[in-house]
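See structure below.
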Amino acid sequence: PAGYDVARIQEKWLGVWDELKPFSSNNPNDKRPRKYVLDMFPYPSGDLHMGHAEAYALGDVIARYWRQQGFNVMHPIGWDSFGLPAENAAIKRGIDPREWTYANIDQQKTSMRRYGASFDWDRVLHTSDPEYYKWNQWLFLKMYEKGLAYRKDSWVNWDPVDQTVLANEQVLADGTSERSGAIVVKKKKTQWYFKITDYADRLLDDLNQLEGRWPSKVLAMQRNWIGRSIGADVDFVIEGREEKITVFTTRPDTLYGVTFMVVAPDSDLAAELVDDASVEVRASFQEYLERVQKSTEIERQDASRPKTGVFLGRYAVNPASGERIPIWTADYVLADYGHGAVMAVPAHDQRDLDFAIKFDLPVRVVLDTNATQTTTIPVLELDENGQAILPEDLPPLDPISTGKALIGDGRMINSGPLDGITKSNAIKKIIVQLEAAGTGRAAKTYRLRDWLISRQRYWGTPIPIIHGADGELVPVPEDQLPIVLPPTEGLDLQPKGQSPLGAAEDWVNVPDPRDGSPALRDPDTMDTFVDSSWYFLRFLNPNDDTKAFDPKEADKWAPVDQYVGGVTHAILHLLYARFITKVLFDLGYVGFTEPFSALLNQGMVLMEGSAMSKSKGNIVRLSDQLDEHGVDAIRLTMAFAGPPEDDIDWADVSPAASAKFLARAWRLSGDVTSDPDIRWRTGDVALRRQTHRFLAEGPGLVESFKFNVVVAKIMELVNATRKAIDSGPGGGDAAVREAAEVIAVALSLFAPYTAEEMWERLGRTPTVAEAGWRKPDPALLVEESVTAVFQVDGKVRDKATVSPKISGEELEKLARASVGVTRAVGDKEIANVIVRAPRIVNIATR
Ligand code: ANZ
């Protein structure tokens, strides 16, 4: 037989898997229960890299594991192939983005197949295929019908030199463009949005269902992103303005402490309030606004920045105290949060206090934060001598001199009818009063914004809307989908802030579906997060050109049982997929509300402590690693490196050692000399016990993602089996065959090529991929016991029945406490104790 020739084995088994299709999930008569195991699909930027290798190795452990447990497992793969990198590469090289994209897909596909992941290759999809993106357009139309897709003006970052819209990440900290160096300005543009904010409560509340099944870090990030605040809306009368101004506050209890109001400089409200102000006010406002528009949202939310602002020359009335309060504008108030205006309570809010101190505005304390006792009888603490510990001098309630806002609990003061009650009672009481007076109400606010889905770029899904000559928006009739992207010939893909599709004359000019009159297609394309928000459903029937997905198939397979991918997608991708799932649920297309029942985030693959990057010159090429060590060694290394959530430093692992171990495991299969139909349940008992303990422990370990522990246990079993062959009962023993077969099955989770080869050499057919995980024999799991003897000065004085795993310490304790030993020792002094767990304790006396 040929030696352990990695290249030959890989070639051979790829062919066998192609022929026998052990990973197919397409048989409609399959009666096994189903599992849907999904890896986040790759973006086709060049060849697969080490990060992909880690993710797909770990996802495959799970997919193969569930097959071994008797499930019909769907484990599909596709490509997230629309997006900017392709477009930028195309611009740079003067080619079509398709060329770059599909060449990369081909390369990745070849690498992925070689990598031996158990994907169902009959379910492949690419989001840049019209057969796929047609259904993005269908989804858009459904959203539009439901009022969940809409247009509005929004502020975008605008590079006036390059004439282009910039993403937030493209704006440097000093406010200049990463592209041109120009000072970036804010510009209003009309954009398409999906109304995800309608789903904020459900997106937040349903996270509770995922507790314990998603990493808690991801749940926290989702909660934080949605950012629900509970409080009240309060209406303020404005002098010289008919309508009131509503503010959102989490602290309506502090209403009597409101001494001024602040509106966001870039809000419509601010513009309106200065409209008929004096020339000076208008000028200083204008100057301030221009300055503000150069700062990023992150800077604006930095509470430590010195406060700036402008008095708008207008006044409001505090609805509780009737006081006249000035209205200011300042950039710490954001236009698109709450109502873009705040009631400022400088005594109890740090930002308001900093502002009040800077501009010399009044500060009124309305909550005595020293009065934290909730009972009326003070409880004195006593020191160890029984003396009362007197409270230390309480700090003065003076935020101006301390510079610190008073936060925390307490009792209300200076607050009329609220005086004397606690903060939480005051919140309840004031809301009732405001509601009765019609000047306020309980309210919630979210940090979550609507999802801006339009892009002024070429390489994405065209938005299926036609603009009539009368300005009406006309949805493209469903039977006219897909709207296929026009060829790139003659189009300038350079970003201009205007979609390049607008210049595709033949494409953009269309008859109005209502009456055939001249009309224009919407030239924008969709954010690629739309593509990935529902792709898990397209895998159910990727070739069906009559519907996006089959609800009956969705009932059978979805939601995804196990999702695997990087923590980089912890917020947006997951949030959007959760949102679209809820929309599809509301539309009656799916019967579940969460797309991914369980989530595993793998860590990153680093090199010498840092992320691999071209600029650091520390990139380890996956293809080199696979050539040098073989696929199985790399996959095994990924699984063995540590808990899957942790980063792997490639400088700290040894794929060469993995390869060596695999050869060692493989050699076992050649040294088993018994027939496959040997008498089972016989042979070396110690080896059988170890094998069955492993069979019993393995599933729990895989299901809790302790892959590295499983690998370690396989290594132990390989060692034990080798020992049994070389210096035990020998290769003909039934227990040796049993152990070797169990090793092959377990190893197939991590090193499928080697495992297949072992399986075949052990005389088994057809593939180990279809072999099940054997059930352990309970009789072999019962812990044995051994007899320990306790000696005193060389004479056996007692015995005990103990577990073979007892620790030396425990055994010594037992010995010292035993009747025979205590009697023999008497009042002699113990000079020395020698413990040989689990068999002997030898006590010497003086
Ligand atoms: C009065 C008040 C008194 C407030 C007090 C806080 C403490 P979260 O928890 O983040 O939701 N606020 C409201 N709209 C704002 C906007 N557009 N930009 C900046 N700040 C805004 O914060 C809610 C609080 O943030 C609100 O409660 C409001 O200030 C401020 F002792 O109202 B508060």
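When Asp798, Asp733 are checked against the criterion of being surrounded by 15 or more Cβ atoms within 10 Å (Cβ to Cβ) and in contact with a strand residue (DSSP E or B) (Cβ under 8 Å, 6 or more places away or on another chain), a single residue qualifies: Asp798. Exactly one residue among Asp159, Asp206, Asp233 is within 20 Å of the chain's Cα centre (by Cα) and either closer than 29 Å to Ile463 by Cβ or within 14 Å of the ligand (Cβ to nearest atom) (or both), and that residue is Asp206. Within this structure, Gly338 passes the test of being within 18 Å of Lys244 (Cβ to Cβ), within 16 Å of the ligand (Cβ to nearest atom) and of a type in the set (Gly, Ala, Ser).
Of the residues screened, Asp632 is not one that is surrounded by 14 or more Cβ atoms within 10 Å (Cβ to Cβ) and in contact with an Asp or Glu (Cβ under 9 Å, 6 or more places away or on another chain). Reported count of residues in the stretch 203-235, each being part of a loop (DSSP other than H, G, I, E, B), among the basic types (Lys, Arg) and farther than 24 Å from Val583 by Cα, is 0. Can you find a residue in the stretch 773-782 that is free of Cβ contacts under 8 Å to residues at least 60 places away in the same chain, farther than 30 Å from Lys21 by Cα and in contact with a strand residue (DSSP E or B) (Cβ under 8 Å, 6 or more places away or on another chain)? Looking for residues that are free of Cβ contacts under 8 Å to residues at least 60 places away in the same chain, farther than 30 Å from Lys21 by Cα and in contact with a strand residue (DSSP E or B) (Cβ under 8 Å, 6 or more places away or on another chain), one finds none in the stretch 773-782, hence no.
Going through (1) open to solvent by 30 Å² or more (accessible area, probe 1.4 Å); (2) in contact with a helix residue (DSSP H, G or I) (Cβ under 8 Å, 6 or more places away or on another chain) one by one, Leu493 falls short only on (1). In the set Val342, Val281, Val317, only one residue is over 19 Å from Val258 (Cβ atoms) and either of a type outside the set (D, E, K, R) or under 41 Å from the mean Cα position of the chain (by Cα) (or both); that residue is Val281. In the stretch 649-676, the residues that are over 16 Å from Leu747 (Cα atoms) reach residues that are of a type in the set (A, V, I, L, M, F, W, C) and open to solvent by 60 Å² or more (accessible area, probe 1.4 Å) with C-beta atoms within less than 8 angstrom, at least six apart or across chains, in these pairs: Val653/Phe640.
For the stretch 711-723, a residue qualifies if it is open to solvent by less than 10 Å² (accessible area, probe 1.4 Å) and among the hydrophobic types (A, V, I, L, M, F, W, C), and the qualifying residues are Val711, Ile714, Leu717, Val718.
Cβ-Cβ contacts under 8 Å between residues 6 or more apart (or on different chains), taken from a first residue in the stretch 205-225 that is more than 16 Å from Asn601 (Cβ to Cβ) to a second residue that is open to solvent by 80 Å² or more (accessible area, probe 1.4 Å) and assigned to a helix (DSSP H, G or I), are absent.
Residues of the stretch 477-490 that are open to solvent by 70 Å² or more (accessible area, probe 1.4 Å), assigned to a loop (DSSP other than H, G, I, E, B) and not small (Gly, Ala, Ser): Pro487, Glu489. Taking the stretch 594-671 and the helices (runs of 4 or more DSSP H) fully enclosed by it, the elements with 1 or more residues that are at pLDDT 95 or above and in contact with a Gly (Cβ under 8 Å, 6 or more places away or on another chain) are at 631-640, 655-671.
Applying the set (1) assigned to a strand (DSSP E or B); (2) within 16 Å of the ligand (Cβ to nearest atom); (3) in contact with a Phe, Trp or Tyr (Cβ under 9 Å, 6 or more places away or on another chain) to Lys187 leaves exactly one unmet item: (2).
The values are calculated or read from the model by the stated rules, or taken from the named source; none is laboratory data. These figures come from a predicted structure and were not determined experimentally. Cβ sites come from the backbone with ideal geometry, for glycine too, and all protein chains shown count toward neighbours. Ligands, DNA and RNA are stripped out before the accessible areas are found, and what is left, the full protein with its side chains, is counted by its heavy atoms. Shrake-Rupley method; radii C 1.70, N 1.55, O 1.52, S 1.80 Å.
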